[in-house]
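The next block holds one structure in the form of structure tokens; read it before the comments.
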Number of protein chains: 2
Amino acid sequence: MAIIMQQTSLHPILAKDCIEVCDLKICKVLLMNDKQYPWLILVPDRPGLKDFDEVNSGDIAYLHADIKKASEVLRTIYKPTKLNIAALGNMVTQLHIHVIARFSNDKAWPNPVWGRHPPLPYNDEMLENVLQGLKNNFELT
Amino acid sequence: MAIIMQQTSLHPILAKDCIEVCDLKICKVLLMNDKQYPWLILVPDRPGLKDFDEVNSGDIAYLHADIKKASEVLRTIYKPTKLNIAALGNMVTQLHIHVIARFSNDKAWPNPVWGRHPPLPYNDEMLENVLQGLKNNFELT
């Protein structure tokens with residue numbers, strides 16, 4: 001199903017690799033379809049943004065609030081060892097912020113997750129459960 | 001030479017792997033001693049901070065200004081293909097933000113830099129030149 005942004009087109013790689021969760025203050029929240037890590041991606045709905053330092057001063061508090069909320073939700077559900085936050089964009093130029101729950105026994109620990117192990121997609125039942133848990137927590141927190 | 005923070009002790013791994021550049025609004029700027037990538041690390045001088053979402057709302061604009069300034073300086077000097085911004089902390093728990101200039105012909109591209117290739121320290125002359133270039137630009141921009 002297509003993911004609708006208000007002002008911005010979603011990069012086709014994000015649309016292919018992720019599932020929509022909800023909207024926050026200025027970001028669309030996506031779930032990376034990789035069951036190896038609880039992995040959210042925040043995409044600011046601001047046309048043309050590529051780099052983190054291009055976020056304008058009026059939006060930065062909203063972006064931080066969105067990162068904070070995504071972090072809280074992952075902490076509440078998964079009790080991770082650490083959260084990894086990153087704006088990389090070497091392959092997908094549209095600004096997107098990774099918020100990843102990491103565990104000291106996950107497959108890539110202590111390295112970053114990117115490029116380590118091919119993604120393992122959720123099956124339908126797992127995906128439904130994970131999405132429901134995330135949506136409930138984004139509403140509650 | 002020891003790196004002095006006003007309020008915070010610098011994690012020993014950061015002190016070992018990095019060289020001090022300057023102070024910004026709330027962050028100490030460090031240069032990672034790895035000549036493969038122009039790589040800055042920002043360490044907020046706030047005791048006990050571990051995660052990006054713990055930065056309080058009074059500090060977030062300062063932190064963003066510091067990230068923006070470090071980004072501008074790297075862009076001005078190195079004209080990179082992309083900047084990678086990340087707060088990971090799987091190995092060093094003290095909050096530190098990587099700001100890395102990436103190039104489409106660098107050794108790790110398009111993967112992130114961490115854990116790919118062992119660091120190659122600068123020699124004394126290169127280090128002096130790089131530090132001087134950075135310091136000049138942090139003052140000018």
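Couple of notes before you dig in:
- In this structure, B:Leu88 does not satisfy being touching a Leu at 6+ places or on another chain (Cβ under 8 Å) and aliphatic (A, V, I, L, M).
- Members of region A:89-98 found to be buried (at least 19 other Cβ atoms within 10 Å of the Cβ), out of contact with any Lys or Arg (no Cβ under 8 Å at 6 or more places or on another chain) and under 15 Å from A:Gly115 (Cα atoms), listed by number: A:His98
- Scanning region A:61-75 finds one or more residues that are open to solvent by 20 Å² or more (accessible area, probe 1.4 Å) and farther than 27 Å from A:Phe103 by Cα.
- Test: residue in region B:105-121 that is farther than 27 Å from A:Pro112 by Cβ, of a type outside the set (Ser, Thr, Tyr) and open to solvent by 30 Å² or more (accessible area, probe 1.4 Å): no
- Failed condition for A:Glu128, given (1) of a type outside the set (S, T, N, Q); (2) under 18 Å from A:Val29 (Cβ atoms); (3) under 16 Å from the mean Cα position of the chain (by Cα): (3)
- All positions within region A:78-106 that are in contact (Cβ under 8 Å) with a residue 40 or more places away in the chain and within 11 Å of the chain's Cα centre (by Cα): A:His96, A:Ile97, A:His98, A:Val99, A:Ile100, A:Ala101
- Residue ID - most open to solvent (accessible area, probe 1.4 Å), chosen from residues in region B:3-18 that are modelled with pLDDT of 85 or more and assigned to a loop (DSSP other than H, G, I, E, B): B:Ser9
- Taking region A:27-141 and the strands (runs of 3 or more DSSP E) fully enclosed by it, the elements with 2 or more residues that are at the interface with another protein chain (Cβ under 8 Å from one of its Cβ atoms) are at A:82-87.
The values are calculated or read from the model by the stated rules, or taken from the named source; none is laboratory data. All figures in this text were calculated on a predicted structure; none of them were measured in a lab. Don't worry about glycine lacking a Cβ; one is built from the backbone with ideal geometry, like all the others, and counts go over all protein chains shown. Side chains included, ligands, DNA and RNA excluded: accessible areas come from the protein's heavy atoms. Shrake-Rupley method; radii C 1.70, N 1.55, O 1.52, S 1.80 Å.
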